[in-house]
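Here the structure comes first, spelled out in structure tokens, and everything after it is commentary.
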Amino acid sequence: MTVESYQLDTAPIREGEELNFDALEKYLRLELNEILPDINLDSFEMEFRQFPGGHSNLTYLVHLGSNEFVLRRPPFGPVAPTAHDMPREYKLLAAINPVFNLAPRPFLLCEDTSIIGVPFYLMERRRGFVIRREMPVEIEDSLDLRRRISESLVDTLAALHGVDIYSTDLANIGKPVGFVTRQVKGWADRWQRSKTSEIPEIDEIIRWLGERIPPEPDASNPATLVHNDFKLDNVMLDSSDPQRIVAVLDWEMCTVGDPLVDLGILLCYWPEKNDPEARRDSISSVTTEPGWMTRAEIIHRYGEKTGRDVSSIKFYEVFAIFKIAVVIQQIYFRYVRGQTHDERFAGFGARVEGLARAAMEMVER
């Protein structure tokens with residue numbers, strides 16, 4: 001692989017997000033020589049670059065000869081309690097990858113904070129492309145391809161929810177009973193800790209959700225793996241066959257519980273052309289273009305693939321919009337406090353307000 005090719009989808013390290021590269025290289029060479037004893041890694045120069053996408057955990061490329069790894073670490077500055085737990089995410093991937101191979105394989109966990117100041121882990125790099133706010137050249141104007149990608153996304157979510165968590169240790173990664181109740185309360189608490197202004201719509205949404213907690217999972221509606229952030233830009237597509245998903249990314253919030261939480265997240269991140277402007281522009285407007293499945297079609301296909309009752313999906317979609325508003329608010333909170341200087345975050349306060357209004361429109365509809 002040439003230097004030019006591995007630089008195409010990465011960038012130089014952003015100012016303020018540099019690592020202690022001398023200590024990191026020394027540590028990685030020692031550990032990787034144990035993991036990959038058949039490769040003479042000492043004969044290659046180690047280079048670091050950064051993946052430009054993402055607003056939360058930071059991802060870096062570790063390039064070593066023909067070997068590439070992805071390093072994940074928490075964002076700089078104080079973070080919410082229990083958030084950005086690198087050891088937990090590493091252990092989740094180690095458990096999930098053998099039974100759901102779209103989860104990347106993790107190689108190395110470092111909990112020694114003397115290396116770069118925080119825990120981090122190293123995982124395999126998978127190659128492909130991710131659809132974010134712009135339509136990739138691999139898709140261009142192919143309406144048929146957009147449809148097939150939509151179907152693959154829903155089918156992948158159904159496959160994830162089809163993993164038998166009880167025949168493995170996966171049932172022990174969370175507590176399915178009370179999952180949604182804890183989620184609603186937890187995200188409400190996060191809002192209180194990170195808000196920078198009063199938004200009455202958020203208070204009303206929290207009340208509305210608390211009064212409509214769905215029934216607990218049972219034998220007819222069992223708990224499953226819940227990715228907890230399943231969306232179009234958290235899957236990687238094959239560049240040569242874009243309808244094929246090659247990886248599901250960002251497992252930091254994965255747990256076990258009500259799978260409709262994942263479907264709600266997917267719908268939240270799937271704006272349509274007739275949605276309010278705030279909802280279209282506060283997330284990504286890609287799916288407002290022709291060819292993509294509608295939210296109603298996504299719900300129908302998921303119900304067919306899984307056999308689950310999706311009649312209460314409005315609760316989950318409103319909850320998802322609220323949750324994303326809180327995530328964006330947490331990032332904006334760090335920006336306002338000067339804990340990050342990334343100018344991408346300067347307008348996040350307005351995005352939070354727009355999402356709150358969009359959720360309230362759903363509540364009142």
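The values are calculated or read from the model by the stated rules, or taken from the named source; none is laboratory data. Only a predicted model underlies this, so the values are computations on that prediction, with no experimental measurement involved. As a convention, Cβ positions derive from the backbone with ideal geometry for all residues, glycine included, and neighbour counts pool all protein chains shown.
See the values below:
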read-out	value
Which listed residue is among the aliphatic types (A, V, I, L, M), out of contact with any Leu (no Cβ under 6 Å at 6 or more places or on another chain) and not assigned by TED's automatic domain parsing to the domain that holds Asp342, from Leu32, Leu58, Leu108, Leu71	Leu58
Failed item, numbered, when Phe319 is tested on (1) under 30 Å from Ile13 (Cβ atoms); (2) buried (at least 17 other Cβ atoms within 10 Å of the Cβ); (3) within 19 Å of the chain's Cα centre (by Cα)	(1)
Test set (1) surrounded by 23 or more Cβ atoms within 10 Å (Cβ to Cβ); (2) assigned to a strand (DSSP E or B); (3) out of contact with any Ser or Thr (no Cβ under 9 Å at 6 or more places or on another chain) - Ile265 fails condition number	(2)
Top-ranked residue of segment 199-240 - restricted to ones that are in contact with a Gly (Cβ under 8 Å, 6 or more places away or on another chain) and either charged (D, E, K, R) or over 30 Å from Arg127 (Cβ atoms) (or both), ranked as modelled with the lowest pLDDT	Pro217
Strands (runs of 3 or more DSSP E) wholly inside segment 151-259 containing at least 2 residues that are more than 24 Å from Ser284 (Cα to Cα)	224-226, 255-257
Considering residues of segment 273-312 that are part of a helix (DSSP H, G or I) and of a type in the set (A, V, I, L, M) only, the residue surrounded by the most Cβ atoms within 10 Å (Cβ to Cβ)	Ile298
Residue within segment 290-310 that is of a type in the set (D, E, K, R) and over 29 Å from Pro217 (Cα atoms) present	no
Which listed residue is surrounded by fewer than 22 Cβ atoms within 10 Å (Cβ to Cβ), in contact with a Phe, Trp or Tyr (Cβ under 9 Å, 6 or more places away or on another chain) and assigned by TED's automatic domain parsing to the domain that holds Asp203, from Gly338, Gly354, Gly349	Gly349
Cross-chain or 6+ apart pairs with Cβ under 6 Å, segment 276-298 first and farther than 22 Å from Arg357 by Cβ, then buried (at least 17 other Cβ atoms within 10 Å of the Cβ)	Gly291/Arg146; Trp292/Arg146; Trp292/Ser150; Met293/Ser150; Ile298/Val154
Positions within segment 253-266 being more than 14 Å from the chain's Cα centre (by Cα) and either farther than 23 Å from Asn172 by Cβ or charged (D, E, K, R) (or both), in sequence order	Asp258
Candidate set: segment 3-20, residues that are in a helix (DSSP H, G or I) and surrounded by fewer than 15 Cβ atoms within 10 Å (Cβ to Cβ); chosen: the one modelled with the lowest pLDDT	Val3
Subset of segment 110-120 (residues that are out of contact with any Pro (no Cβ under 6 Å at 6 or more places or on another chain) and either charged (D, E, K, R) or surrounded by 14 or more Cβ atoms within 10 Å (Cβ to Cβ) (or both))	Cys110, Asp112, Ile115, Ile116, Phe120
Checking Ser239 against (1) touching a residue at least 60 places away in the same chain (Cβ under 8 Å); (2) crowded, with 20+ Cβ neighbours inside 10 Å, the condition it does not meet	(2)
Every residue from segment 95-111 that is in contact (Cβ under 8 Å) with a residue 60 or more places away in the chain and assigned to a loop (DSSP other than H, G, I, E, B)	Val99, Phe100, Leu102, Ala103, Pro104
